[in-house]
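Just so it is clear, none of the values below were taken in a lab; they were calculated from the coordinates. Predicted model, so just to flag it, every value in this text is computed and none were measured. Using ideal geometry, Cβ is built from the backbone for each residue, glycine included, and neighbour counts are taken over all protein chains shown.
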Amino acid sequence: MDNVLEIKNLHIDVKKDDSTYNVVKDVNVSIGKQQIYGIVGESGSGKSLTALSIMGLLANPPLHVSKGSIQFEGDRELLDMSFKEMKKIRGKEISMIFQEPMTALDPLFTIQDQLMEALKFHTKLSKSEMKQACIDIIERVGIPRPKEVLKDYPHQLSGGMRQRVMIAIAMLCNPKLLLADEPTTALDVTIQAQILDLMKELREDFETSILMITHDLGVIAETCQRVAVMYAGEVVEESDVVSLFHSPKHPYTKGLLKSMVSGNRHDDLYSIPGKVPSVEQMPSGCRFATRCPHVMDICHTQTPPVQEVEADHTCQCWLYQEELVKNG
Ligand SMILES: Nc1ncnc2c1ncn2[C@@H]1O[C@H](COP(=O)(O)OP(=O)(O)OP(=O)(O)O)[C@@H](O)[C@H]1O
């Protein structure tokens with residue numbers, strides 16, 4: 001499968017006071033055409049920063065990409081593009097939707113104004129063609145009474161409808177890649193399922209690839225083909241979704257799965273002990289060592305290499321480097 005996006009060795013640093021800390025380290029992710037690719041991890045694992053760096057929207061300063069490459073459609077290096085070049089790509093070729101549509105939609109403008117703004121910037125359609133495009137996309141994302149809804153302001157719509165509007169704006173120019181950062185977290189469970197179904201339909205209709213960012217393995221199971229598990233700024237495991245759920249390798253992934261299963265059963269709720277380390281207190285060696293039930297001496301001092309543990313399934317953990325561990 002051809003890739004629409006390839007992130008290679010991405011490093012993001014943050015400046016705090018007079019020091020520089022690493023927040024995203026050596027991330028490698030390849031998203032295939034029309035694939036839904038998931039990034040999963042707890043809060044603070046670097047998921048959003050990875051997505052923002054694709055859009056060229058990292059808050060710089062204090063954040064900056066210190067190393068790596070992000071190639072769009074084979075040979076277009078996003079990290080080398082100027083602000084002006086990225087502005088042309090954002091909303092047209094790569095779109096993004098966020099957790100809380102209320103913060104992304106402008107409360108002072110109608111839904112139609114906000115859709116028109118994107119069309120005016122990215123297309124040369126006439127006014128009547130633009131109006132029709134607005135009606136069509138609103139209808140396509142499953143909003144009833146499109147003509148009336150276009151005259152509404154964001155606060156007049158429910159949370160689920162606002163998220164549909166965000167998706168409509170994102171899909172308006174038929175992007176090749178949609179970045180979805182926790183798109184259903186703020187919604188109740190039934191609406192969550194509807195929005196995920198809508199995204200799966202749109203991927204097929206628009207032939208779009210989707211990067212799904214979530215802390216919820218349920219969302220990954222429901223929508224994605226491949227997945228990267230991120231912890232403290234690193235991808236600790238990467239594979240196709242079936243392999244991850246049936247044969248998880250990294251102790252962190254196993255912990256996430258255990259908390260998901262016990263959460264569904266409503267019995268003793270399991271959570272991984274401890275919390276993601278702050279950037280100032282990042283452990284040397286394996287970043288998960290302080291929380292890992294299988295921790296060994298080497299984990300505290302040396303970063304484990306990324307290893308292919310099964311076909312097309314990688315893991316960054318000393319447990320899978322037995323020979324190295326034995327031989328010191
Ligand atoms: N503007 C910023 N200034 C300083 N540090 C930041 C900034 N944004 C993020 N960070 C730090 O970078 C790390 C990764 O943040 P990021 O938002 O990517 O995590 P995340 O996995 O998306 O979590 P969440 O789901 O809570 O957004 C966190 O430790 C966070 O404190």
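The alpha carbons of region 170-328 stretch over 55, 36, 33 Å along the principal axes, in descending order. Explain nothing, just the number: relative contact order of region 210-256, from Cα pairs under 8 Å at least 6 residues apart, as a whole percent. Reported as a whole number, the value is 27 percent.
Rounded, prolate or oblate: pick one for region 50-92, where a ≥ b ≥ c are the square roots of the eigenvalues of its C-alpha gyration tensor, a/c under 1.5 means rounded, and failing that, prolate if a/b is larger than b/c, else oblate. Oblate. Of the complete DSSP H runs in the chain, those spanning 24 angstrom or more by Cα along the long axis with a mean Kyte-Doolittle score not below 0.0 are 189-206.
Charging the Cβ of each Asp and Glu at -1 and of each Lys and Arg at +1, and nothing else, the dipole of region 171-328 about its Cα centre rounds to 460 debye. For the pair region 155-198 and region 1-65, the centres of their Cα atoms are 22 angstrom apart. Panel order for Thr301, Thr214, by other beta carbons found within 10 Å of each beta carbon, from fewest to most: Thr301, Thr214. Sorted ascending by nearby beta carbons within 10 Å, beginning with the fewest, Arg90, Arg287 become Arg90, Arg287.
Projecting the Cα positions of Ala170, Val242, Leu187 onto the charge dipole of the chain (unit charges on Cβ atoms of Lys, Arg, Asp and Glu, taken about the Cα centre) puts Ala170 furthest along the positive direction.
Quick check on the chain: of the DSSP beta bridges with both residues there, what percent are antiparallel, nearest 5%? Don't skip to the answer; put the middle values down first.
Numbers: 32 of 51 bridges.
In the chain, DSSP labels about 65 percent of beta bridges as antiparallel.
Shape analysis of region 105-172 places it in the prolate category; the axes a ≥ b ≥ c from the Cα gyration tensor give an a/c of at least 1.5, with a/b above b/c. Neighbour counting of Cβ atoms within 10 Å sorts the residues Asp106, Asp17, fewest neighbours leading, into Asp17, Asp106.
Nearest 500 deg cm²/dmol is fine: what mean residue ellipticity at 222 nm does the chain get from its DSSP H runs of n ≥ 4 alone, each adding -39,500 (n - 2.57), divided by its residue count?
Values: 13 runs with 120 residues, N = 328.
Computed mean residue ellipticity for the chain: -10500 deg cm²/dmol.
For region 105-172, what is the charge dipole size about the Cα centre, in debye to the nearest 20, if Lys and Arg each add +1 at the Cβ and Asp and Glu each add -1 at the Cβ? Spell out each step's value before the answer.
Working: 10 positive and 8 negative charges, 23 e Å.
Taking the Cα centre of region 105-172 as origin, the dipole is about 100 debye.
When the Cα positions of Ala289, Leu108, Gly218 are compared along the charge dipole of the chain, Leu108 comes out farthest toward the positive end, with charges on each C-beta of Lys, Arg, Asp and Glu. Each Lys or Arg adds one and each Asp or Glu subtracts one; over the other residues with Cβ under 13 Å from the Cβ of Ala51, this totals 0.
Computed about the Cα centre, the dipole magnitude for the chain is approximately 760 debye when only Lys and Arg (+1) and Asp and Glu (-1) carry charge, each at its Cβ. Within the straight-line cut-off of under 18 Å between alpha carbons, the aspartates and glutamates reachable from Lys88 are Glu73, Asp75, Glu77, Asp80, Glu117, sequence neighbours fewer than 8 places apart in one chain being disregarded.
Output needed for the chain: three equivalent-ellipsoid semi-axes, defined as square roots of 5 times the C-alpha gyration tensor eigenvalues, in descending order, whole Å. Display every interim value, and only then the final one.
Working: eigenvalues 274, 97, 64 Å².
Semi-axes from the Cα gyration tensor: 37, 22, 18 Å.
Within a straight-line Cα-Cα reach of under 27 Å, Lys258 can be paired with the following lysines, leaving aside sequence neighbours fewer than 8 residues apart in one chain: Lys25, Lys47, Lys200, Lys249, Lys275.
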